[in-house]
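Structure first, commentary second.
The values are calculated or read from the model by the stated rules, or taken from the named source; none is laboratory data. Not measured: the values here are computed from a predicted model. In this analysis, Cβ positions are derived from the backbone assuming ideal geometry, glycine residues included, and neighbour counts consider all displayed protein chains.
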Amino acid sequence: MFRFFFLLVVITGATALNDYWYALYGCHPPSSLRARAELTGFDNDRDFNGAVTNEDIDKDVIAYDYNGDTTRTYEWETVFHWRCRYGWSEDYGGYFHNLLDQNNDGVWTAADFGRPFSVTGELFRKMQIDRFRKYCADRNNKPQDCWKLQSESNLDNFGNFSLPMNYYF
Ligand SMILES: [Ca+2]
Ligand SMILES: [Ca+2]
């Protein structure tokens, strides 16, 4: 019993410490899935033309560069960016990193993003939710935040980009 209690304290303490560390670094991500999808859409329409293209994504990936090498995104960089900027769990950040690592060499490089890509802002934001749904299904709905898929409404209709810039800041 004592051992169990000790473990509980350690786990709870580690999680709280983890959150504290991220906050200390200046991470204040949104908590709702809807807001995360909106923010991801905002980050990936760099020319504000209502569409997300590979040119936009090439620019967004620069924000994932925490070690200054600019051309390679390691899994820890994706995990950190997704946790800090969007609030996704570290497990989901790793899942996403591996999904986009098309050539399976462990890092994102130009080789992974070479193909032309263009979708509407609405579809791009819905893709964020659909990817998370698939992740939750793959993990048997156990990970952090999967319950929000049921508790949040309005996760399938995003409409055109129309929010003012200051919505996010
Ligand atoms: Ca664009
Ligand atoms: Ca790669």
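Laid out as a table, the results:
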| read-out | value |
| --- | --- |
| Qualifying residue in segment 63-82 (condition: surrounded by 17 or more Cβ atoms within 10 Å (Cβ to Cβ), in contact (Cβ under 8 Å) with a residue 24 or more places away in the chain and assigned to a strand (DSSP E or B)) | yes |
| Qualifying residue in segment 113-123 (condition: closer than 23 Å to ASP156 by Cβ and touching an Asp or Glu at 6+ places or on another chain (Cβ under 8 Å)) | yes |
| Cβ-Cβ under 7 Å pairs, at least 6 apart or on other chains, segment 105-125 side of a type in the set (A, V, I, L, M, F, W, C), far side part of a helix (DSSP H, G or I) and away from ligand 1 (no atom under 13 Å from the Cβ) | TRP108/VAL61; TRP108/LEU100 |
| Conditions (1) part of a helix (DSSP H, G or I); (2) out of contact with any strand residue (DSSP E or B) (no Cβ under 6 Å at 6 or more places or on another chain): number failed by ASP105 | (1) |
| Residue identified as away from ligand 1 (no atom under 16 Å from the Cβ), closer than 21 Å to MET127 by Cβ and acidic (Asp, Glu) among ASP19, ASP45, ASP101, ASP105 | ASP101 |
| Considering residues of segment 17-45 that are outside any loop (DSSP other than H, G, I, E, B) and over 30 Å from SER153 (Cβ atoms) only, the residue modelled with the lowest pLDDT | LEU17 |
| Boolean, THR120 is over 22 Å from TYR22 (Cβ atoms), within 16 Å of ligand 1 (Cβ to nearest atom), more than 12 Å from the chain's Cα centre (by Cα) and among the polar types (S, T, N, Q) | yes |
